[in-house]
Amino acid sequence: MDQYRKQNYVYRPAPKRAARPRGPEEERERYYALIRHRIDPERLHRLSWVNIAVLCGALLAFFLGSLLGPKPERSAVEKRDLARFPAFSAEALRSGTFTRDIETWYADTFPFRDGFVGLSAVVDEAHGVRVDDVRIVAPSGGEAQDLPDASNQPPAAPQEPQPAPAGPGDSSSAPETQSDASSAPETPPAVDDGAAPGAITGGTFVYRGMAMSLYGGDPASGKWYAQVLNSYHEELPDVQIYNMIIPTAIEFYVPDKYRDLTQSQKAMIDLVYGTLDPSIKKVDAYSELAAHTDEYIYFRTDHHWTGLGAYYAYRAFCGEAGLTPKELSDFETRRLDDFIGTMYSQTQDTTLLKNPDYVDYYLFKQPYEAQRFLVDAPYSGVDSTLWGEYAQSPNSYSVFLHGDFPLVQVKTGIGNGRRILVVKESFGNAFAPFLINHYDEVYIVDQRYFQLPLVDFIREHGINELVFANNSFAVCTPYHIRCIDNMRHQVFVPRALQADVPKAGEPEESGEDAREQEEQEPPDEGDRPRRLRPRGG
């Protein structure tokens, strides 16, 4: 029987029992057991310390590099001066301002800060959807940011008289000529529109790749501006005075459904012109520009007008001055491409970055000799041209007159005896050069930086025509109005000495709804732009 069983035995394996499912903790323990089985614990311990050392070393190197490395002084993206390392004092340390200023300085000079700012703008835009391709950028905190230091501004109130230093070898206020110009930096001085420090801004309106400043002019300030110009007429009765108010892009390009967001610049211009003395001629640049809104008369990414827009204003001026304007075909047109201006710097709107501007400027056949005068050097001119052809973005607008200077003097040799002085902010930079085609002498004064008494200057140079060219924001900005008013009889005091000069305690008005742009200091004596040979005459 046993043998039979052995011969006919068929092996049948016992059925397997179902494996008991492992819980998460058991699976994790099994995984770590395999790791411990394959890796030497001592080697793993050493690698852990190496990882810690590498990470700490990288963080330390980054910290030391950001702390001790070269610090930029200006942000190209935001177009503003960055914070400087604060000066130490026991009082600042006690009050806590020293440590707060260090924190601000470090935040402003953090490595790759401009790149992070741009990335932040992209992320912010991804948060929402634009309606009608419209974006409204409100001013941060309701006030304009990055205000210039008060010491870099023209005086806000008349100063105590002090004797003005005479020019080299001359006791008069007539400027002398300095024929040698030192070497120049590669970039021209930045240009701003010079709105009022501390002014409440109306925000920025971005529509289909074009950014525009919302307007909120104050009628009282407009009347004040007109009264200041009337004062010039009273003191200079033999000088023909013109006033040209330049509208900005928002007046023509805001969609009708958003028109209520901005006030009428035409109404403000009419108010100012109606307040002016009848003997002051009113240049109607508004109508000339309104007739050409389908052309490239304003930048998309910058708050200024273009050279073409300035040309149409020049035509309007010629109509009031009894001149025959030149045709554009009489000029040689040159262009600077890839211009990204101030409106992108303020909004960081990526639609502006995708639609860069270009700057057209015009070279004239009329020969001329030009000099520009620097801050604190009103008696020594530097040989110059009217165009800074080396200008690059974001300062491409500085191609006009090389930027903002206290005074530019141009002599043409036309011989008709007509001499004109232009009082302007940066909008006038693109307009003033056209006048050399008609005048024997052209004087271009920046109301923010000119340091001599303007009435005496006009009399001494035999100037017989005076034009005020300001954009509609500047006309309603107390800072600009004070600058124009104070220029009449101001006394030249070098800026290094102004801190010791007592000033009238007039408070700065900050409630005007005007557009703030960065107040950029013109270059100092040691920062003269390169000397260029006039081209095209």
**Asked** Which value results for Rg/Rh of segment 214-366 when Rg is the Cα radius of gyration and Rh the Kirkwood radius based on the inverse mean 1/r?
**Response** 1.00
**Prompt:** If you count, for each residue, the other Cβ atoms within 10 Å and average over each peptide, how do 428-437, 209-218 line up from highest to lowest?
**Reply:** 428-437, 209-218
**Complete:** Most packed first (mean Cβ within 10 Å per residue), the peptides 388-397, 267-276 order as 388-397, 267-276
**Request:** List every residue whose amide H lies under 5 Å from the amide H of residue 404, counting only residues 5 or more places away in sequence or on a different chain, with H placed 1.01 Å from N in the peptide plane.
**Result:** none
**Complete:** Residue by residue through segment 445-454, the couplings from Karplus 6.51 cos²θ - 1.76 cosθ + 1.60 with θ = phi - 60°, in Hz, x for Gly and Pro, are 10, 8, 4, 8, 10, 5, 10, 9, x, 5
**By average C-beta atoms within 10 angstrom, highest first, the peptides 224-233, 340-349, 473-482** = 473-482, 340-349, 224-233
**Request:** Calculate how large, on average over all directions, the projected area of the Cα convex hull of segment 353-453 is; give the answer in nm² to one decimal.
**Result:** 7.2
**Radius 12 Å from Cβ of residue 92, net charge of other residues (Lys, Arg +1; Asp, Glu -1)** = 0
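Bear in mind these aren't lab numbers, they're just calculated from the coordinates by the rules spelled out. These numbers were taken from a predicted model, which means no experiment stands behind them. Virtual Cβ from ideal backbone geometry, glycine too; neighbours counted across all protein chains shown.
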